[in-house]
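Scroll down for the structure; my scribbles are underneath it.
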Amino acid sequence: MGDSIMENLFGDSSSKQIPKHVAIILDGNGRWAKKHMMPRNYGHVQGSKTVENICEEAYNMGVEYLTVYAFSTENWKRPKEEVDALMKLLRSYLKNCQKTSSKNNMKVRVLGELDGLNKDIQDSVIELEKVSAANTGLNFQVALNYGGRDEILRAAKRLAEDYKSGKVNLDSIKADDFSGYLDTRGIPDPDLMIRTSGEKRISNFLLWQLAYTEFYFTDTLWPDFNKAELRKAIEYYGNRKRNFGGIKED
Ligand code: IPE
Ligand code: IPE
Ligand code: MG
């Protein structure tokens, strides 16, 4: 069979590399709402529906880990009304996620400082992680009250505690050992990071883990991000040559 026939049958990306771990800064909910002359909170509701669709498609494409940035340590600076609406949406999202995780065999983990969230939300998170722990499909991480600097600082403090109690020898600590103190322990670093809405910054997301990640930026606002857009991002990833500081021959 000729190459072009193969491509038509299986799509361009069939022979290309699929990222094992995709991380997404979902951005642009507020601008999407404004564009549709709706309140910002409506943008967040639409945005949470997009998360579900993207989980499904990512898994169908062979992605093993998907991490989404849902609420940053800096997002508390937003007006109280918006923070309250986001927390309300989060509550219903976490409840609903219990159902979707069992339907889609998804294992859910939350990254971020749980203690900073309301007690009922903490309980929902713990419950969701527990009920989905044995699932063997997509590993889905939600970053909530998450900041990369906060995560690294908390990790450093835990390491200091272990040093104090004689559990670790500082001379033998390697980067991989330090990764084990982060919220993402056991999860491979992202291969591809997508940010929607045209912004080209990290905004305190996975500062340690993104060291060698490929970045994909799109002007599409998060509520408009769809399965075809995800395929485009993965296609882009498939064409990247990763060197990790070394030299790779073509
Ligand atoms: C992303 O959308 C969602 C959160 C940060 C919670 P935004 O709310 O940041 O949307 P814009 O950037 O204002 O359009
Ligand atoms: C980043 O988006 C945080 C999340 C997506 C949760 P922001 O909209 O908060 O980022 P900045 O403030 O524009 O950098
Ligand atoms: Mg934003």
Gyration tensor on Cα atoms of the range 43-180, a ≥ b ≥ c root eigenvalues, a/c under 1.5 rounded, else prolate if a/b beats b/c, else oblate, says oblate
Give the long-range amide H neighbours of Val168: residues separated by 5 or more places, or on another chain, with amide H under 5 Å away, using H modelled in the peptide plane at 1.01 Å from N.
Tyr163
Go through Asn118, Leu90, Ser165 and say which Cα lies farthest out towards the positive end of the charge dipole of the range 84-173; charges sit on Cβ, +1 for Lys and Arg, -1 for Asp and Glu.
Leu90
Applying the Karplus parametrisation 6.51 cos²θ - 1.76 cosθ + 1.60 with θ = phi - 60° to the phi angles of the range 189-195, what ³J(HN,Hα) value in whole Hz is obtained for each residue in order, glycine and proline being reported as x?
4, x, 8, 9, 10, 10, 10
In this structure, among Lys103/Lys232; Lys103/Lys174; Lys157/Lys248; Lys20/Lys174, pairs with alpha-carbon gaps over 32 Å are Lys103/Lys174; Lys157/Lys248
Using r as the Cβ-Cβ distance of Leu170 and Asn118, and R0 as 51 Å, what FRET efficiency do you calculate, to the nearest 0.05?
0.85
Less than 11 Å Cβ to Cβ from Asn204, Lys/Arg counted +1 and Asp/Glu -1: what total charge do the surrounding residues give?
-1
Centre separation in Å (Cα based) which lies between the range 182-218 and the range 32-75:
16 Å
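If I take every Cα pair under 8 Å that is 6 or more residues apart in the range 128-250, average their sequence separation and divide by the length, what percent do I get for the relative contact order?
22 percent
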Per residue, how many Å² of accessible area does the range 107-220 show with a 1.4 Å probe?
50 Å²
Starting from the Cα of Asp219, step 7 Å along the direction of its Cβ; do the same at Lys20; then give the gap between the two resulting points in nm.
3.6 nm
Can you give me the long-range amide H partners of Met193? Hydrogens built in the peptide plane at 1.01 Å from N, cutoff under 5 Å, separation of 5 or more residues or another chain.
Ala23, Glu214, Phe215, Tyr216
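Taking the Cα centre as origin and putting +1 on Lys and Arg beta-carbons and -1 on Asp and Glu beta-carbons, what dipole magnitude results for the chain, to the nearest 20 debye?
The calculated dipole for the chain is roughly 580 debye.
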Could you sort 78-91, 138-151, 166-179 so that the peptide with the highest average Cβ count within 10 Å comes first and the rest follow in order?
138-151, 78-91, 166-179
Under 5 Å, built H, 5+ apart or other chain: amide partners of Leu26
Tyr69
At q = 0.17 Å⁻¹, what base-10 log of I(q)/I(0) does the Debye formula yield for the chain when every alpha carbon is treated as an equal point scatterer in vacuo?
-1.42
Within the chain, what whole-number % of the accessible surface is contributed by carbon and sulfur, with the 1.4 Å probe and all protein chains included in the calculation?
51 percent
So, relative contact order of the chain in percent, Cα under 8 Å, 6 or more apart, is 28 percent
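The values are calculated or read from the model by the stated rules, or taken from the named source; none is laboratory data. It should be emphasised that the depicted structure is a prediction, and the values quoted were computed from it without experimental measurement. No Cβ is skipped: glycine too gets one built from the backbone with ideal geometry, and neighbour counts run over all protein chains shown. Areas reflect the complete protein model, heavy atoms only, side chains present, ligands, DNA and RNA absent. Shrake-Rupley method; radii C 1.70, N 1.55, O 1.52, S 1.80 Å.
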